[in-house]
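Down below is the structure, laid out as structure tokens.
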Amino acid sequence: MSLFKKKEGRTVPSVDDILSALSRVQDPELGRDLVSLNMIRNVAVSGGEVSLDLVLTTPACPRKSEIREAVERAVLSVPGVGKVDVRVSADVKAAKGPMEGRRPVEGVKNILAVASGKGGVGKSTVSANVAVSLRQAGARVGLLDADIYGPSIPTLLNLKNHQLRGENGMILPASADGLKVLSIGFMLEDDSPVIWRGPMLMKALGQFLHGTAWGELDYLVIDLPPGTGDVQLSLVQMTPVAGAIVVTTPQDLALIDVKKAVRMFEQVGVPILGVIENMSYFLCPHCDGRSEIFGHGGAAETCRQMGLRFLGEIPLQTTVREASDAGIPIVTRAPDSPAAIALAKTASGAAAALAVLESL
Ligand SMILES: Nc1ncnc2c1ncn2[C@@H]1O[C@H](COP(=O)(O)OP(=O)(O)O)[C@@H](O)[C@H]1O
Ligand SMILES: [Mg+2]
């Protein structure tokens, strides 16, 4: 039986013909076809011209152009189609995350925690650049700096002089090029270290999560304090965290900490989106030479052993530190640098991993 209608001797495709062709195109991450995933919408056929919406699960989709091309090819393969117009957009799903006793943050679809077994591995650098990358891709993003031991997001995003403000009993986040930002550092008068007492700390962080006018967000990235102790555990249990990214460096000792961090999240039912190896290798600013100071491949191997996604490796580049010190993240300041490209890739990898979780 022919699926195609004949009109004036020519084959005229129908909407069903287009959908049936697209039901043979799979999303490479989700492993299911685009039609049953509801990623194809508003198909219109006019003569030989087809237009449709391709609605991705994240604007930071790492396979965006690949999927778009596959859609175009599939539509053009339908007899009678001469032209296709694919409008690409994204609709980020809300994560399920573990619930028991946890209070969601209103309007926030996904909370993404960035953790590390120890300090100094680049957790804040990764948090800021991942948040900015997701924002650059077109997502609505917030960044919460919960690192009570050393809040560095105000420096990284040039918000050191930001004065905390409120409206209608809610805290207003600061804005860095449309990225909504709140830091525990905004509550401190100067750089002197503060010893937070448990209850006071939990109250402050509770207000940051639930007493803040975050608005509608696709992703709220949380820069957690380093380590895997009680503070980190309580924080993760305050709200349903959709997924966690673990940042490490290539040294063996740091890799042992990855296992600890993974166990901590497992304990509270938070899925690990993947592991990032920062300061993976040194890129010399003078000769562009690559030195693997601490060896190579440790984090990727740990991921293989533990069945985790390896989100990528970020080179150690002087320009990363310089950008951070200047208050402009490297993905904004030098988007074509190897470190910025690697950071943007880890951001889309994490967003894709979240989308996979949400489609299960
Ligand atoms: N890939 C990198 N290349 C160069 N410097 C880096 C890189 N990642 C982090 N740094 C620098 O290392 C220091 C520690 O990074 P930071 O993000 O503050 O770590 P953490 O939050 O884990 O303590 C900072 O001075 C930062 O600018
Ligand atoms: Mg930090």
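The values are calculated or read from the model by the stated rules, or taken from the named source; none is laboratory data. The model shown is predicted, which means the values in this text are computed figures rather than measured ones. When we count neighbours, we look across all protein chains shown, and the Cβ atoms used for this are built from the backbone with ideal geometry, even at glycine. Keep in mind that these areas ignore ligands, DNA and RNA; they rest on the heavy atoms of the full protein, side chains included. Shrake-Rupley method; radii C 1.70, N 1.55, O 1.52, S 1.80 Å.
Remarks
- Single residue of the range 145-168 satisfying the filter (touching a strand residue (DSSP E or B) at 6+ places or on another chain (Cβ under 8 Å), of a type outside the set (Ser, Thr, Tyr) and within 13 Å of ligand 2 (Cβ to nearest atom)) that is most open to solvent (accessible area, probe 1.4 Å): Pro151
- Check on Pro240, of a type outside the set (D, E, K, R), within 29 Å of Glu358 (Cβ to Cβ) and either within 16 Å of ligand 1 (Cβ to nearest atom) or buried (at least 22 other Cβ atoms within 10 Å of the Cβ) (or both): yes
- Close Cβ contacts (under 7 Å, 6 or more residues apart or on different chains) running from residues in the range 96-112 that are open to solvent by 30 Å² or more (accessible area, probe 1.4 Å) to residues that are hydroxyl-bearing (Ser, Thr, Tyr) comprise Arg103/Thr239; Pro104/Thr239.
- Residues (surrounded by fewer than 19 Cβ atoms within 10 Å (Cβ to Cβ) and modelled with pLDDT of 90 or more) located in the range 243-265: Lys259, Lys260, Arg263
The rows are residues; the columns are (1) within 16 Å of ligand 2 (Cβ to nearest atom); (2) over 15 Å from Ile272 (Cβ atoms); (3) not acidic (Asp, Glu).
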site: Ala90; (1), (2), (3): no, yes, yes
site: Ala94; (1), (2), (3): no, yes, yes
site: Ala113; (1), (2), (3): yes, no, yes
site: Ser127; (1), (2), (3): yes, yes, yes
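- From the list Arg24, Arg68, the lone residue that is at pLDDT 95 or above, open to solvent by 70 Å² or more (accessible area, probe 1.4 Å), assigned to a loop (DSSP other than H, G, I, E, B) and not hydroxyl-bearing (Ser, Thr, Tyr) is Arg24.
- Residue match in the range 75-84 (condition: assigned to a loop (DSSP other than H, G, I, E, B), among the hydrophobic types (A, V, I, L, M, F, W, C) and crowded, with 19+ Cβ neighbours inside 10 Å): yes
- Counting only strands (runs of 3 or more DSSP E) that fall entirely inside the range 241-360 and contain at least 1 residues that are within 16 Å of ligand 2 (Cβ to nearest atom), the qualifying elements are 243-248, 272-277.
- Within the span defined as the range 159-182, every residue fails to be touching a Phe, Trp or Tyr at 6+ places or on another chain (Cβ under 7 Å) and within 16 Å of ligand 1 (Cβ to nearest atom).
Yes/no per residue for (1) open to solvent by 50 Å² or more (accessible area, probe 1.4 Å); (2) under 29 Å from Ala139 (Cα atoms); (3) within 10 Å of ligand 1 (Cβ to nearest atom):
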{"site": "Gly289", "(1), (2), (3)": "no, no, no"}
{"site": "Phe294", "(1), (2), (3)": "yes, no, no"}
{"site": "Gly297", "(1), (2), (3)": "no, no, no"}
{"site": "Arg304", "(1), (2), (3)": "yes, no, no"}
{"site": "Arg309", "(1), (2), (3)": "yes, yes, no"}
{"site": "Glu313", "(1), (2), (3)": "yes, yes, yes"}
{"site": "Thr319", "(1), (2), (3)": "yes, yes, yes"}
{"site": "Pro335", "(1), (2), (3)": "yes, yes, no"}
